[in-house]
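Student: After the structure tokens below, expect a handful of questions from me.
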Amino acid sequence: MSRFRFPTGRLPDEALLSGLATGDPELAVTFVRRFQHTVFGVAVAVTGDPQLAEDIAQQTFERAWRHAQIYDARRGSVRTWLTAIAHNLAIDAVRSRQPEPVAPEDIEAILGVVSSETPEQHALADEASTRLRAAVAELPPEQGRALVMAGIYGMTAQQVADSEKIPLGTAKTRIRTAMGKLRTTLTSPKRGDHVK
């Protein structure tokens with residue numbers, strides 16, 4: 001009877017997903033082959049890391065296998081459902097790789113450094129970086145912290161908000177305002193003339 005079966009490559013996506021849920025190895029292989037490029041493409045686009053994207057693609061198919069029975073065709077195609085799973089997993093992976101929040105006292109120490117003291121630091125500290133440090137030090141402390149967390153430590157506005165225990169909108173405003181003030185300060189030759 002298996003010789004007269006409908007070719008698995010021609011089965012609709014929903015049928016392959018149902019077969020995946022039953023544990024049929026032939027249908028599972030066909031399902032993965034049909035969607036592997038799409039899933040991997042989404043993961044690479046979000047993470048920018050092919051190695052991590054491979055792991056995310058595998059996790060996507062594992063999650064699809066575990067949750068195949070709850071798929072609802074009325075909410076979108078199998079391809080849309082799978083790409084949403086891959087996208088969410090990739091976003092989670094990128095967020096988990098973000099640096100740990102920095103203690104406010106450490107940020108205060110960074111903001112307080114305007115000139116270097118060691119020969120190595122002095123060699124690296126050119127006029128532009130000295131002006132930048134001075135401009136950041138002139139910001140109100142809450143704006144300076146938000147800017148350093150976002151700009152130097154790569155934290156998202158949400159992570160800044162969580163670290164500072166403030167609303168997300170306030171964190172975004174602090175970062176945006178601080179960047180505007182820096183831009184004004186650094187593009188104005190008169191403001192930078194007094195900085196040594």
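Student: For region 38-52, which positions are under 9 Å from A93 (Cβ atoms) and of a type outside the set (D, E)? Before the answer, list the steps.
Tutor: Initial filter on region 38-52 (under 9 Å from A93 (Cβ atoms)): 43, 46-47, 49, 52.
Listed by number, the residues that qualify are A43, V46, T47, L52.
Student: Six or more apart or on different chains, Cβ atoms under 7 Å: show the pairs whose first residue is in region 18-46 and acidic (D, E) and whose second is open to solvent by less than 30 Å² (accessible area, probe 1.4 Å).
Tutor: That search, which allows pairs on different chains as well, returns E26/T8.
Student: Here is a list of conditions, (1) of a type outside the set (A, V, I, L, M); (2) at negative phi; (3) loosely packed, with under 12 Cβ neighbours inside 10 Å; (4) modelled with pLDDT under 80, and G169 meets all of them except one; can you say which number that is?
Tutor: (4)
Student: Assess whether F40 counts as being in a helix (DSSP H, G or I), open to solvent by 50 Å² or more (accessible area, probe 1.4 Å) and out of contact with any strand residue (DSSP E or B) (no Cβ under 8 Å at 6 or more places or on another chain).
Tutor: Numbers: in a helix (DSSP H, G or I): yes; open to solvent by 50 Å² or more (accessible area, probe 1.4 Å): yes; out of contact with any strand residue (DSSP E or B) (no Cβ under 8 Å at 6 or more places or on another chain): yes.
When the stated conditions are applied, F40 passes them.
The values are calculated or read from the model by the stated rules, or taken from the named source; none is laboratory data. These numbers come from a predicted model, not from an experiment. A quick note on method: Cβ atoms are made from the backbone with ideal geometry, for glycine too, and the neighbour counts reach across all protein chains shown. With ligands, DNA and RNA removed, areas are computed over all heavy atoms of the protein, side chains included. Shrake-Rupley method; radii C 1.70, N 1.55, O 1.52, S 1.80 Å.
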